[in-house]
Amino acid sequence: MNAKLDSEQLYKDNVLGNYGLPPVTFVCGRGLRVWDDADKEYLDFCSGIAVTSLGHCHPNLVAAIQKQASELLCVSNLYRNENQAKLAAKLDEKAGGGGKLFFCNSGAEANETLIKLARLYGQKQCGVEGKRYKIVCAENAFHGRTFGGMSATPKAKIQNGFAPLVEGFVFAELNNLASFEAAIDADTAAVFIETIQGEGGIHPSSIEFLQGLRALCSKKGVLLLIDEVQCGVGRTGSFFAYEKAGIRPDAIGMAKGLGGGVPIGAVWIDDAYADLFGPGSHGTTFGGTPLISAAALAVLETIESDNLLENVQENAPYAVEQLLKLQLELPEYILEVRGAGYMIGIQVAESPMDMVALLREKGLIVPPAGNDVIRFLPALTATKQDFDEAIALFGEASRERAALLQESTTA
Ligand SMILES: Cc1ncc(COP(=O)(O)O)c(C=O)c1O
């Protein structure tokens, strides 16, 4: 029995089916390339869904993990570790200073912390436990799979089967300030949005909307909580995607790309609200261990030393230009190209799953999003040549899919 059959059978027998049966077994990665167990090479524009921000096995990240693993892995948060302290200082600087950090293990946990912050804030404002607790989120949002995250994610596919959900989540239309204003009432504690909706299909919040929302939250005395789990840590060419609007959120959730491939979640909270979490009010065993913090520090240092924000800023417009050319050629199949930096969504004229499979066959791996979107989420190290290669494969596949769709409509 070869290795592929082995792992396929082991998956079938032992791994929970919530992802179906994953189609390929990857065994090795370098930079933007990954190889499967049959030695086939792929260009990776999925990056573990926006996680491997430096590409696979970046020497700085590997060295930091190896060094720290040989010194100290974990001491719990009952004790200090230098890496966590340094990482907190660095992330506070990125968020504009004047805040505090909490470390956890995933985006959902980061968002859970934001939701708990909203509860603490609301209760402090009105002086009554369980009164001012509502959170206004965006339609089509995705905030994770915990009960709080799920309740903030208004999608049947995600919520079905898990009732009763957490109370108090209300939804308004992204980029429609009047809709958010109408949704805020005397019981509202916070507004909570992704700067760019990722899983929902790459829908960016406009600059005017973000600025308007900041002003609205300040006027109404509710917190502005920003989920940068997918779009943060350099993905859009600035450290945080909301920076384009020049606003300061009250708290920010991060994860994914921050660890470059190891599990991390982080929350930045403005000092005005950070004390709401007093000793014992929140916690996690694994958050901010010496190992994970060393990895995240290496990611942040490499983003700076290798000028990766500039790399994204320079190459993303080129990539979009090439994709728009392709759209001109295939307007019936490629309906829209949108996003920011290396978070690009290509809306196609069908469910994305056949296209994802076809691209994989051709050697390009990409994640789908929403009902009809293919995402390009390459490592921040991706070059123009990487985009040329990806877009050539995408073009080839789009022509094939467009022809098939054409055939099926004329048949
Ligand atoms: C915007 C956003 N928030 C939260 C999450 C949940 O993160 P995790 O899967 O690490 O729990 C995701 C994951 O895709 C995300 O894209």
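Coordinate-derived values only; no laboratory data. Everything numeric here is computed off the predicted structure, so don't read it as measured data. Positions of Cβ are generated from backbone atoms using ideal geometry, with glycine treated the same way; all protein chains shown enter the neighbour counts.
Let me spell out the model: positive unit charges on the Cβ of Lys and Arg, negative unit charges on the Cβ of Asp and Glu, origin at the Cα centre of segment 60-305. What dipole size does that give, in debye rounded to 20?
Here the size comes out at about 200 debye.
Using each residue's phi in segment 90-100, evaluate 6.51 cos²θ - 1.76 cosθ + 1.60 at θ = phi - 60° and report the 3J(HN,Hα) Karplus result to the nearest Hz, with x for Gly and Pro.
5, 6, 4, 4, 4, 7, x, x, x, x, 10
Would you work out the charge dipole size for segment 316-362 about its Cα centre, treating the Cβ of every Lys and Arg as +1 and the Cβ of every Asp and Glu as -1, and quote it to the nearest 20 debye?
Using only the charged Cβ atoms, the result is roughly 200 debye.
Averaging sequence separations of C-alpha pairs under 8 Å and six or more residues apart, then dividing by the length of segment 60-305, give the relative contact order as a whole percent. Don't skip to the end; give the middle numbers.
Values: 464 pairs, mean separation 74.4, N = 246.
Reported as a whole number, the value is 30 percent.
Which ³J(HN,Hα) values in Hz, rounded to whole numbers, follow from the phi angles of segment 71-83 under the Karplus curve 6.51 cos²θ - 1.76 cosθ + 1.60, where θ = phi - 60° and Gly and Pro get x?
With the stated coefficients, segment 71-83 comes to 10, 6, 8, 7, 10, 6, 8, 6, 10, 7, 9, 4, 5 Hz.
I need the shape label for segment 40-144. Rule: rounded when a/c is under 1.5, else prolate if a/b > b/c, else oblate, with a, b, c from the alpha carbon gyration tensor.
Verdict is oblate for segment 40-144.
Under the rule a/c < 1.5 gives rounded, and otherwise a/b versus b/c splits prolate from oblate, where does segment 233-281 land using the Cα gyration tensor?
Working: a/c = 4.88, a/b = 1.28, b/c = 3.82.
Oblate, since a/c reaches 1.5 and b/c is not below a/b.
Which far-off residues, 5 or more places away or on another chain, put their amide H under 5 Å from the one on Glu336, with H placed in the peptide plane?
Gln347
Given the options Asn111, Ile196, Leu225, identify the residue whose Cα lies farthest towards the positive end of the charge dipole of segment 60-305 (+1 on Cβ of Lys, Arg; -1 on Cβ of Asp, Glu).
Of the options given, the answer is Asn111.
With only alpha-carbon atoms in the gyration tensor, what are the semi-axes of the equivalent ellipsoid for the chain, in Å, largest first?
On the way: eigenvalues 235, 144, 87 Å².
Values for the chain, descending: 34, 27, 21 Å.
Which residue, chosen from Leu405, Tyr133, Leu328, occupies the Cα position most advanced towards the positive end of the dipole of the chain, where the dipole is computed from +1 (Lys, Arg) and -1 (Asp, Glu) charges on Cβ about the Cα centre?
It is Tyr133.
If amide H atoms are built 1.01 Å from N in the plane of the peptide, which residues on other chains or at least 5 residues away come under 5 Å of the amide H of Cys28?
Trp35
For segment 78-134, rounded, prolate or oblate, judged on the Cα gyration tensor with a ≥ b ≥ c (square roots of eigenvalues), a/c < 1.5 rounded, else prolate if a/b > b/c?
Prolate, since a/c reaches 1.5 and a/b exceeds b/c.
Suppose R0 equals 22 Å. What FRET efficiency, 1/(1 + (r/R0)^6) with r the Cβ-Cβ distance, do Asp306 and Val27 give to the nearest 0.05?
Efficiency, rounded to the nearest 0.05: 0.25.
Could you work out which residue, out of His58, His282, His143, moves most in a Gaussian network model of the chain, that is, has the largest mean-square fluctuation with Cα springs under 10 Å?
His282
Arrange the peptides 117-128, 291-302 so that the one whose residues have, on average, the most other Cβ atoms within 10 Å appears first.
291-302, 117-128
As an exercise, identify the chymotrypsin sites (Phe, Trp or Tyr not before Pro) in segment 162-236 lying in DSSP coil whose Cβ has no more than 11 other Cβ atoms within 10 Å.
Phe162
Enumerate the amide H contacts of Gln197 below 5 Å, restricted to partners 5 or more residues apart or on another chain; note that Pro and chain-start residues carry no placed amide H.
Those lying under 5 Å, H to H, from Gln197 are His203, Ser205.
Less than 20 Å apart at the alpha-carbon level, and either on another chain or at least 8 residues along: which lysines does that give for Lys94?
Cross-link targets: Lys86, Lys244, Lys256.
Go through 242-249, 40-47, 221-228 and give me the packing order, highest mean Cβ count within 10 Å leading.
Peptide ranking by packing, descending: 221-228, 40-47, 242-249.
Would you calculate the separation in nanometres between label points at Ala156 and Ser179, each defined as 7 Å from the Cα along the Cα-to-beta-carbon direction?
Once both label points are built, they end up 1.9 nm from each other.
Compute the relative contact order of the chain as a whole-number percentage, counting only Cα pairs closer than 8 Å that sit 6 or more residues apart in sequence.
On the way: 789 pairs, mean separation 88.2, N = 411.
Relative contact order for the chain comes out at 21 percent.
Connecting C-alpha atoms closer than 10 Å in a GNM of the chain, tell me which of Lys90, Lys325, Lys384 has the biggest fluctuation.
Judging by the Gaussian network model, the answer is Lys325.
Suppose each label sits 7 Å from its Cα in the direction of the beta carbon; what would the Ala349-Glu129 distance come out to in nanometres?
Label at Ala349, label at Glu129, 5.9 nm between them.
So what is the orientation-averaged projected area of segment 142-206, using the convex hull of its C-alpha atoms, in nm²?
The number I arrive at for segment 142-206 is 4.7 nm².
Return the sequence-ordered ³J(HN,Hα) values of segment 213-219 in whole Hz as given by the Karplus equation 6.51 cos²θ - 1.76 cosθ + 1.60 applied to θ = phi - 60°, using x for Gly and Pro.
Whole-Hz 3J(HN,Hα) from phi for segment 213-219: 5, 4, 5, 4, 4, 5, 4.
Hey, what does the equivalent ellipsoid look like for segment 60-305, semi-axes from the Cα gyration tensor as sqrt of 5 times each eigenvalue, largest first, whole Å?
In descending order, the three semi-axes are 29, 19, 17 Å.
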